[in-house]
Amino acid sequence: MTKARIIKNICCIGAGYVGGPTMAMIAKKCPHINVTVVDLNEQRIADWNDADLDKLPIYEPGLADVIAEARGRNLFFSTEVDKAIDEAQMIFISVNTPTKTYGVGKGMAADLKYIELCARQIARVSKDDKIIVEKSTLPVRTAEALRTILNSTGNGVNFQILSSPEFLAEGTAVSDLYAPDRVLIGGEDTEEGQSAVQSLVDIYTNWVPLSNIITTRVWSSELSKLTANAFLAQRVSSINAISALCEKTGADVDEISHAIGADSRIGSKFLKSSVGFGGSCFQKDILNLVYLCQHFNLPEVADYWAQVIKMNDFQKHRFAKNIIDTLFNTVSGKKIAFLGWSFKEDTNDTRETAALYVADELLQDRAEIHIFDPKVTKEQIFADLEYLQTHRIGQYVEQGEVMSMDEIRSLVTIHNDPYTAMKSAHAVAILTEWDEFKTYDWNKVYNEMLKPAFLFDGRNVLSKVELEKIGFKVYNIGKG
């Protein structure tokens, strides 16, 4: 059996949605290992260290309890990056890898500048051998670039590069970490490489059954992450494509999802039709996959996966267009209430949220948008809108004009109370499937809205029959 190196200190570079929860779970399950999460963002680190656990920078059910147990015992959050790198035997890289907004590969390729900066900092600081673990979602063969940078220092330090991508679903990240379907670890097929793999395996076996840990080559691990997200997104786009047909034919997409999901060859997961998928991974990873296929001269493969994104863009556009068409072909000066801004329930993550793109199309027609989300801050919503104006990427988004933030702020209002957001509204649009929306007094909402009172349920979370009994004119995804 390959002898593993004993790990006493772990450093994670990046205190975001992956690094924070993942390291918190490792610290909880491995009290004999000191885990330090570092980030240059001083406010983010301060939020992770805040005594008020409600102020954690990331909202995930159960995360506060994990932090409370391990923080200060063997889990630490710090801005002292060099110190943490120097002391660690194993370093996780968990920084952002956004889609490039400029240059070669604009709009598709992953921007690896933060990964490269990490590698150069590790190379500069390290005085002894390190195991480097890619935790960020990366294009295949990124490990080769990391190795080239790290091994060019000439200071005699040996680095082993592992790929161990995360497979967390936001909103269930803590339960996913407690009992993962699988932990994937890719390493070099050498004695040193397999020793490094075993070191990481030994950490996870503190709570994950060995049968759930898969070891592969580095390249297979890197590509597995992109492939997994592409397959999941493909299922969402497939059922969303059928939802458009359902609305034309009088079929019900939920009934179809149930019927085909009962087939054991298909299964029921990721067959929930909606206004479109969002989040940090699906679109970014598919675009990266498309770019890689184009780079390796596989245009047919690239076109196949690009259609998944095209279908997702179409679903968001179709939803926004339906609002405009239904409201007598204009929403100019009309109050549209948005319930939900995060890309899904039980998270405050807004990256690639469908709500942003629907809002953008309505703003192009000068709608007055009033937004309520139970977990997303006013500052974040305006930051999302500003980012979209400066980086207009996407099939439909590119067609719109760039709006000034002053104009956007004059048209967008953020509310702390859902009823004030909906009062005197021409229409309500549900963009996130928060459970609390089901508990609202919809009779009260109806009475205080302008008539006819339109409700566009982009997540199919409410009962169309009950709402129509109240008097609403209801439009669902995939229901004729």
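Among the chymotrypsin sites (Phe, Trp or Tyr not before Pro) within the range 76-143, those in coil by DSSP and having at most 11 neighbouring Cβ atoms inside 10 Å are Tyr102. Label sites at Asp54 and Asp325, each approximated as a point 7 angstrom past Cα along Cα to Cβ, lie 4.4 nm apart. Set Lys and Arg Cβ to +1 and Asp and Glu Cβ to -1, take the dipole of the chain about its Cα centre, and tell me which of Thr390, Gln43, Ile371 lies farthest positive. Ranked along the dipole, the leading option is Thr390. In the set (i) 22.8, 88; (ii) 31.9, 123; (iii) 23.6, 75, the label that goes with Rg and Dmax of the Cα atoms in Å computed for this structure is (iii). Classify the range 375-471: rounded, prolate or oblate, from the alpha-carbon gyration tensor (a ≥ b ≥ c, eigenvalue square roots; a/c under 1.5 rounded; otherwise prolate if a/b is larger than b/c)? Judged from the Cα gyration tensor, the range 375-471 comes out prolate (a/c at least 1.5, a/b above b/c).
Rg of the Cα atoms in the range 136-260, relative to 2.2 N^0.38 Å, amounts to 1.44.
The residue among Leu245, Ser257, Gln198 whose Cα reaches farthest toward the positive pole of the charge dipole of the range 177-272, with charges on the beta-carbon of Lys, Arg, Asp and Glu, is Leu245. Helical runs assigned H by DSSP (4 residues or longer) give the chain a calculated mean residue ellipticity at 222 nm of -13500 deg cm²/dmol, each run adding -39500 (n - 2.57) before division by the residue total. Using θ = phi - 60° in the Karplus curve 6.51 cos²θ - 1.76 cosθ + 1.60, the 3J(HN,Hα) couplings for the range 229-246 round to 5, 5, 5, 5, 5, 4, 5, 5, 5, 5, 6, 5, 5, 5, 4, 5, 5, 4 Hz; x is entered for Gly and Pro.
The phi-based Karplus calculation (6.51 cos²θ - 1.76 cosθ + 1.60; θ = phi - 60°) puts the 3J(HN,Hα) values of the range 189-198 at 8, 10, 4, 5, x, 6, 5, 5, 4, 5 Hz, whole numbers, x for Gly and Pro. Here the spin labels are modelled as points 7 Å beyond Cα on the Cα-Cβ line, and at Asp441 and Arg182 they lie 5.1 nm apart. Counted over the range 1-82, the DSSP beta bridges are approximately 0% antiparallel. Under a 5 Å amide H cut-off, with hydrogens placed 1.01 Å from N, Phe92 pairs with Cys11, Cys12, Ile13, Val133 among residues at least 5 apart or on other chains.
Pairs with C-alpha atoms separated by more than 26 Å, drawn from the list Lys316/Lys438; Lys310/Lys479; Lys269/Lys335; Lys248/Lys423; Lys127/Lys284; Lys272/Lys423, are Lys269/Lys335; Lys248/Lys423; Lys127/Lys284; Lys272/Lys423. Residues whose amide H lies under 5 Å from that of Val428, counting only those 5 or more places away or on a different chain, are Ala337, Phe454, Leu455, Phe456; hydrogens are built 1.01 Å from N in the peptide plane.
Taking 0.36 nm per residue of sequence separation and removing the Cα-Cα distance, the Ser463/Arg120 pair yields an extension gain of 118.0 nm.
Between Thr205 and Tyr304, what is the FRET efficiency for a Förster distance of 35 Å, r being their Cβ-Cβ separation, to the nearest 0.05?
Numbers: r = 38 Å, r/R0 = 1.09.
FRET efficiency, Thr205 to Tyr304: 0.40.
In the chain, the DSSP beta bridges split such that about 5 percent are antiparallel, to the nearest 5.
Evaluating 6.51 cos²θ - 1.76 cosθ + 1.60 at θ = phi - 60° for every residue in the range 200-207, the Karplus couplings come out as 6, 4, 4, 5, 5, 5, 5, 8 Hz, glycine and proline recorded as x. What is the helix-to-structure angle for 282-295, meaning the angle in degrees between its Cα long axis and the longest Cα principal axis of the chain, kept from 0 to 90 and rounded to the nearest 10? Around 60 degrees separate the two axes. Length gained on full extension, Ala68 to Lys83, computed as 0.36 nm times the residue gap minus the Cα-Cα distance: 3.0 nm. Cα convex hull, the range 1-158: 140 Å³ per residue, rounded to a whole number.
Readers should treat all values here as calculations from the given coordinates under stated rules, not as data from a laboratory. Note that the coordinates shown come from a computational prediction; the quantities given were computed from them, not determined experimentally. Note that each Cβ is placed from the backbone with ideal geometry, even for glycine, and that neighbours are counted across all protein chains shown.
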